[in-house]
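Novice: Just passing along the structure, written as structure tokens.
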2 protein chains.
Amino acid sequence: MGVLEKIPATRRARRANVEAVPAARLPLNEILRGDCIETMRALPDRCVDMIFADPPYNLQLGGDLHRPDGSQVDAVDDDWDKFDTFAAYDRFTRDWLREAHRILKDDGTIWVIGSYHNIFRVGTALQDQGFWVLNDIVWRKANPMPNFKGTRFTNAHETLIWCSKAEKAKYTFNYRTMKALNDDVQMRSDWTLPICSGGERLKDDDGHKAHPTQKPESLLYRVMLACTEPGDLVLDPFFGTGTTGAVARRLGRRWIGIEREDKYIKVATQRIAATLPLDESAMMSIPEKKAMPRIAFGLLVEGGLIPPGSVVTDARRRWSATVRADGMLASGCGAIGSIHRLGAQLQKAPSCNGWSFWHIETAQGLEPIDAVRQRHLAELGS
Amino acid sequence: MGVLEKIPATRRARRANVEAVPAARLPLNEILRGDCIETMRALPDRCVDMIFADPPYNLQLGGDLHRPDGSQVDAVDDDWDKFDTFAAYDRFTRDWLREAHRILKDDGTIWVIGSYHNIFRVGTALQDQGFWVLNDIVWRKANPMPNFKGTRFTNAHETLIWCSKAEKAKYTFNYRTMKALNDDVQMRSDWTLPICSGGERLKDDDGHKAHPTQKPESLLYRVMLACTEPGDLVLDPFFGTGTTGAVARRLGRRWIGIEREDKYIKVATQRIAATLPLDESAMMSIPEKKAMPRIAFGLLVEGGLIPPGSVVTDARRRWSATVRADGMLASGCGAIGSIHRLGAQLQKAPSCNGWSFWHIETAQGLEPIDAVRQRHLAELGS
DNA sequence: CTACGCCGTGAATCTGGGG
DNA sequence: TCCCCAGATTCACGGCGTA
């Protein structure tokens, strides 16, 4: 039984349109080798729930650039980023967006990331194609490359555009999941996240970076948590080293990647094979309940529903932690944090929904702490 | 004596092009009543140093949107044709940007602010018009309006696009001023500033806000400090309540505003009259090193500040060299060259700033030779 | 074992004046 | 228009080696 079948019927019902082709006949969890436009043409209408696209930025770089210490900046000089004119870039953009619009389900959404070099062309083409912009999201880089020559402001962000298929189209937005991720205030349109470096950055056999523009998993993690459900199908037409596939697998989403270059396909294949799905409870989004009063975890501790000193574990008892009087959790290894933070830290995930990840032994057996919260809520209501 | 005359000749010289019309014949520090395109047409070529534009955002409220023939776009209608509306907005944008490009000096810059509703159209039109994007700046609102329905991310930012007139055009960027404003680290492309509220928010006679999209003065303050000099002429073709004019006056810049509606002109006029210019010392930007008078190394040798035969080393004393009477350096290995050349050669670097690389033993200890130059400069000034 | 410092590096439209 | 050369210019991390 696949993950899809576990989605509650009420959520599945939000999918307004019927899949034109059974999922079994789609190339699921595979990298399709080829040109993105040609390859999308071979996919049926309205078959994917979400598209994440990281197209070439058309950087138009000039000569070499040196840091003040004399070292040279490793520039993006790949052929795939070269276009003769803005008109050529616009044609390319319109062509792939046309196919993207066709294969997207009517209640699906598309995300496209870019910089000032290309994002205005992309945004215009999205609107002209009939996509409806829901938000533009700013990825604020925590650690951008400086402007070495002191000629401009540090280019410290990139822009993502999030669109539904049409103005009145339904779409998935896991509002409460995003709010929980953001310390219980609404998630804003600016996200501060580090660039991809350290152990996450894939290297080729020579030890050089495998791809010049690898995106951080935290970015895709937030995108997918925000607007897909487990079992949903995510397409990435510019797959590169497969960040989209890795995060999809980790979050229990299905995926299709399209990539032209064998070297990237090879790296992505290995990477995704080495990625393990997260604990199932951690990937479920918080049920969308309107007007649910906010209950801090500390309130349950204060109120004696989860007394200090209680031991909580994940569903499979791989990790455990002790509840402190101030509502924080302490793990055996010495780490301390909120239910969300500690869950993320132990799993080495960028974020975690502590309410569904942490469980506690009750009269009903091992239950997520959210169950305790729900009972408390019910009591408050009565 | 006007402020302009106080600008050092070295800076004025950076203004490459001659004003087509003497500044005295321009309508300075005035609000011109009328349509922005028609009014710009009456201004001469290459007459303004900077343009700040806050064009109408909303594609569906056609109040500010007119077809080229003057008829109004009827957009608030369930049956409205999206393409027609976007096309009308694009025509309007191209028309005013064409005039903006014409009246901007060759070394001037333009700033346009917008949201995801219009900024992609604006950015595309800017690039198509030949403007060269220098940065896109994100105004991160410290206190944005929440998304009440919980259907999207909180729209917590707006975007500004900063362009020079052409790819190779010179432009003013007060790098060191921006760095100083930002605790001595490079100013980034994301600016966190509060929205306009409280006492700054202008009210009409009924106590309602005078303008729906009044921009905070802090935003204009940073823009003008970054890329204009005192005495420069700033144009705002969508003047509204005159934030641009107020900040220009405060910072000793000259300004021209264009506004169609009498009620805004009235509010702006009162506001600017009540704004006092800052003390002159407060409005000067930090001098850019590039604009400071050059002192040849040989001059210091001639003047006896660094006598021939002196030994200079790098900060860690890994390399040393002897100063020759002609201002060249000679290293022990026989290499001879300017302070820059020899520094680069010894480090095997593509280039080197000899002023900061080479050090000399003084009463203050081991100092970069630039310190000697700075002291010499200070003596010359007094 | 920790602390500290050095080194490498990241989607970058990255100098300007004089001869 | 091109060449030459003076000289201005970097932030946050992660990894690794040394004290």
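Novice: Where residues in region A:174-211 are in contact with an Asp or Glu (Cβ under 8 Å, 6 or more places away or on another chain) and within 14 Å of chain B (Cβ to nearest Cβ), which of them is nearest to DNA strand C (Cβ to nearest atom)?
Specialist: So the residue we want is A:190.
Novice: In this structure, is residue B:329 touching a Leu at 6+ places or on another chain (Cβ under 6 Å) and away from DNA strand C (no atom under 16 Å from the Cβ)? So that I can check it myself, show each step before the final result.
Specialist: Values: touching a Leu at 6+ places or on another chain (Cβ under 6 Å): yes; away from DNA strand C (no atom under 16 Å from the Cβ): yes.
In short, yes.
Novice: Determine the pairs where a residue that is closer than 16 Å to residue B:114 by Cβ, located within region B:84-102, has a partner that is basic (Lys, Arg) and open to solvent by less than 20 Å² (accessible area, probe 1.4 Å) with Cβ atoms under 7 Å apart, the partner being 6 or more residues away or on another chain.
Specialist: B:86/B:121; B:89/B:121; B:90/B:121; B:93/B:121
Novice: A follow-up question, please. Would you say residue A:81 is within 11 Å of another protein chain (Cβ to nearest Cβ) and surrounded by fewer than 22 Cβ atoms within 10 Å (Cβ to Cβ)? I'd like the intermediate steps shown before the answer.
Specialist: Numbers: within 11 Å of another protein chain (Cβ to nearest Cβ): no; surrounded by fewer than 22 Cβ atoms within 10 Å (Cβ to Cβ): yes.
Here the answer is no, as residue A:81 does not meet what is asked.
Novice: Name the residue, out of B:171, B:221, that is open to solvent by 50 Å² or more (accessible area, probe 1.4 Å) and away from DNA strand C (no atom under 16 Å from the Cβ). Steps first, please.
Specialist: On the way: B:171 fails: away from DNA strand C (no atom under 16 Å from the Cβ).
From the options B:171, B:221, the qualifying one is B:221.
Novice: Looking at this structure, is residue A:148 at the interface with chain B (Cβ under 8 Å from one of its Cβ atoms), at pLDDT 95 or above and more than 18 Å from the chain's Cα centre (by Cα)? Break it down stepwise before answering.
Specialist: Working: at the interface with chain B (Cβ under 8 Å from one of its Cβ atoms): no; at pLDDT 95 or above: yes; more than 18 Å from the chain's Cα centre (by Cα): yes.
Criteria not met by residue A:148.
Novice: Sticking with this one: Only residues that are more than 16 Å from DNA strand D (Cβ to nearest atom), open to solvent by 50 Å² or more (accessible area, probe 1.4 Å) and of a type in the set (A, V, I, L, M): list them for region A:182-197, please.
Specialist: A:185
Novice: Go through region A:128-145 residue by residue and tally those that are more than 7 Å from chain B (Cβ to nearest Cβ) and more than 9 Å from DNA strand D (Cβ to nearest atom).
Specialist: Total meeting the criteria: 5.
Novice: Does residue A:241 satisfy the criteria of being under 30 Å from residue B:156 (Cβ atoms) and not in a helix (DSSP H, G or I)?
Specialist: Numbers: under 30 Å from residue B:156 (Cβ atoms): no; not in a helix (DSSP H, G or I): yes.
No: the conditions fail for residue A:241.
Novice: Follow-up question, since we're still on this one. Give region B:244-295 a look and list any residue that's among the hydroxyl-bearing types (Ser, Thr, Tyr) and either open to solvent by 80 Å² or more (accessible area, probe 1.4 Å) or touching a His at 6+ places or on another chain (Cβ under 9 Å) (or both), or say none. Even if it seems obvious, please write down each step before you answer.
Specialist: Just the residues of region B:244-295 that are among the hydroxyl-bearing types (Ser, Thr, Tyr), to begin with: B:244, B:264, B:269, B:275, B:281, B:285.
Scanning region B:244-295 gives B:264, B:281.
Novice: Just checking, which of B:360, B:369, B:339 is in contact (Cβ under 8 Å) with a residue 60 or more places away in the chain and in contact with a helix residue (DSSP H, G or I) (Cβ under 9 Å, 6 or more places away or on another chain)? Please lay out each step first, then the result.
Specialist: Working: B:360 fails: in contact (Cβ under 8 Å) with a residue 60 or more places away in the chain; B:339 fails: in contact (Cβ under 8 Å) with a residue 60 or more places away in the chain.
When all the criteria are applied, what remains is B:369.
Novice: Please verify whether region B:139-146 includes one or more residues that are of a type in the set (A, V, I, L, M) and open to solvent by 10 Å² or more (accessible area, probe 1.4 Å). Walk me through how you get there before you give the answer.
Specialist: Quick first cut of region B:139-146, residues of a type in the set (A, V, I, L, M) only: B:142, B:145.
Filter once more, so that each one left must be open to solvent by 10 Å² or more (accessible area, probe 1.4 Å): B:142, B:145.
Among the residues of region B:139-146, at least one is of a type in the set (A, V, I, L, M) and open to solvent by 10 Å² or more (accessible area, probe 1.4 Å), which makes the answer yes.
Novice: Related question: Cβ-Cβ distance below 7 Å, separation of 6 or more or different chains: which pairs start in region A:65-81 with a residue that is among the acidic types (Asp, Glu) and more than 15 Å from DNA strand D (Cβ to nearest atom) and end on one that is modelled with pLDDT of 95 or more and assigned to a loop (DSSP other than H, G, I, E, B)?
Specialist: Listed by first residue and then by second, the contacts come to A:78/A:212; A:81/A:56; A:81/A:57; A:81/A:58; A:81/A:59.
Novice: How many residues does region B:151-173 hold that are facing another protein chain (nearest Cβ under 9 Å) and of a type in the set (A, V, I, L, M)?
Specialist: Number satisfying all stated conditions: 2.
The values are calculated or read from the model by the stated rules, or taken from the named source; none is laboratory data. The model shown is predicted, which means the values in this text are computed figures rather than measured ones. Cβ sites come from the backbone with ideal geometry, for glycine too, and all protein chains shown count toward neighbours. Surface accessibility is based on the protein's heavy atoms, side chains included, excluding ligands, DNA and RNA. Shrake-Rupley method; radii C 1.70, N 1.55, O 1.52, S 1.80 Å.
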